[in-house]
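Here is the structure we will look at, set down as structure tokens.
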Amino acid sequence: MTGLVALATTLVVSVAAPVFAAGTWNEVGSDRADPLTESQGLTSVEVPAGSPNRYTGLGTIPADVRGRGWNHVGDPDASYDGHYVEPYQRDSGNTKMFRVQAPDGSWSEYVHTLGAGEALNNSWAAISPDGQWMLSGEYGTMNRFLVLPTPGVNPATSPSADLPQVATVTLDHPVRDVQGCDFSGPTTLLCSSDDPDGALFGVTKPLFQVDLSAEPNGTADVSGHVTALRQLPLRSSCSGTFEAEGIDYDRRTGTLRVIVVSPGFCVLTDSKTYRFTRG
């Protein structure tokens, strides 16, 4: 019986766990993540020069936005010309919302109507390096990312018109509970997952990479090859369930940052934004 159990375990691991890319990203430091204002997502902003990093959390949702039912904000991103995009969801309905701040400081809102089979949640946004296309993700176990024109940047978008899905990234390996993705190159994404199970990658809370078959162009679907990189740090004075959150790649410094929220009471004291550099 012991031999059969060992064989079964070996078979399960060989199917469920992709090969890890050893030493790809090394932890180099961390900063405390405020549970109210830095617990959902983050992004670096290149324009104008010297702009501070931006964060999202429960406490960053404006009162008027929350009053209209948009009670959850996800992982934001910023285009390379300085447009800043926050993804929002609400508890019911058939729409998602992307709130955009232009480089001049003005805000506008772009609403996306759900397509057939599309989940209501709006966990993250990742803007392509050319600025024209934005990837978006759904929570749960998924084998795709959505491609939309970048609101406020792509000239085909308008706050008065529905923001459409124009293409799909089809993944070659399922992913679960993705909390954020960011482009590290024209066809490369780095993503953080809050996967609590570990069956897909052999570990819980993985960092993974997606290599696209082509740059998103809004007219054709592309495929994405998924590679597990490592487990995100899970350290706290409290025991319990951690929550992996948003991700940012700063191309100016080559620094990757990921938020991990601590369990229990320690959400207030030792939640962290971890910093990584390529090994």
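Here are the numbers for this structure:
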{"read-out": "Rounded tilt (10° steps) of 2-16 against the dominant C-alpha axis of the chain", "value": "20"}
{"read-out": "Cα gyration tensor, segment 24-278 - rounded (a/c under 1.5), prolate or oblate", "value": "rounded"}
{"read-out": "Dipole axis of the chain (+1 Lys, Arg; -1 Asp, Glu on Cβ), positive-most option in Val175, Thr113, Val203", "value": "Val203"}
{"read-out": "Fewest-first sequence of Val100, Val47 by Cβ atoms within 10 Å of each Cβ", "value": "Val47, Val100"}
{"read-out": "For Val45, Val258, Val203, order by how many other beta-carbon atoms lie within 10 Å, fewest first", "value": "Val203, Val45, Val258"}
{"read-out": "Total charge dipole magnitude, segment 24-278, about the Cα centre, Cβ charges on Lys, Arg, Asp, Glu only, Debye to nearest 20", "value": "380"}
{"read-out": "Virtual spin-label span in nm between Arg66 and Asp34, 7 Å along Cα→Cβ", "value": "1.4"}
{"read-out": "Those trypsin sites (Lys or Arg not before Pro) in segment 201-279 that DSSP places in a loop and that have at most 14 other beta carbons within 10 Å", "value": "Arg235, Arg251, Arg252"}
{"read-out": "Potential extension, Ser51-Ala214 segment - 0.36 nm per residue separation minus Cα distance", "value": "55.6 nm"}
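Coordinate-derived values only; no laboratory data. This structure is a prediction, so every number in the text was calculated from the model and none was measured. Glycine gets a Cβ as well: all are built from the backbone with ideal geometry, and neighbour counts include every protein chain shown.
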